[in-house]
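Below: one structure, written as structure tokens.
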Amino acid sequence: MVKAARTGADGTLGRRNAVRALLKDRGDLLVVSGLGSPTWDVAAAGDSASNFYMWGAMGSAATIGLGLALAQPRRPVLVITGDGELMMGMGALATIGVQKPSNFALVVLDNERYGETGMQMSHTAHGIDLAVIARGSGFRTALTIGTMAGVTSLARVLHRKVGPVFAAIKVLAGEDARVLPPRDGVFLKNRFREAILRKADSR
């Protein structure tokens, strides 16, 4: 396991820069974003029909991504969510570890805060190590990242089907301006489905 120093509220890594770096050369990557700030971050990096934004269902981003990875084994799947959202559904890590989809990666933007309810400190601010839990749950790779160099290295493995991959990226606890993607759930579902079908038809 590669473990970077904890940064939390005193770190220097901005969440928007991290997400932008992850999605810079995304190719055919399918992205599921957890509710709240991760969704604003993914939208800020560029709206795409291959993005499935979560506007609710806290704790479900990882399992939705897992189902997608199992249903679309030829496509790389990336879930981008927050530490608070993941901790609402920690059992998902064990289920992913059992299923072991090689095309799946789970990235947690860990600001050690519950951003949607007032920036209260989350469990990771008190020493809970999500990468250790992911490793114990059966992920093939589990990292804690605190530098842009680490993010760039992670981006290079997203298409290699060496998963399941887990990475907790330690980011600043400040809030960025919201960049809101489409909010209509039916529209997002249909757009995402059509993007998958178009890619399948082109093979």
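The values are calculated or read from the model by the stated rules, or taken from the named source; none is laboratory data. Only a predicted model underlies this, so the values are computations on that prediction, with no experimental measurement involved. Note that we place each Cβ from the backbone using ideal geometry, even for glycine, and neighbour counts take in every protein chain shown.
Among the residues of segment 144-161, none qualifies, meaning not one is small (Gly, Ala, Ser) and touching a Phe, Trp or Tyr at 6+ places or on another chain (Cβ under 9 Å).
Do we have Arg20 as at pLDDT below 95 and not aromatic (Phe, Trp, Tyr) here? Criteria not met by Arg20. Scanning segment 133-147 for residues that are at pLDDT 95 or above, surrounded by fewer than 21 Cβ atoms within 10 Å (Cβ to Cβ) and over 24 Å from Gly84 (Cα atoms) turns up nothing. Residues in segment 13-49 that are in contact with a strand residue (DSSP E or B) (Cβ under 8 Å, 6 or more places away or on another chain) and surrounded by fewer than 19 Cβ atoms within 10 Å (Cβ to Cβ): Ser48 only.
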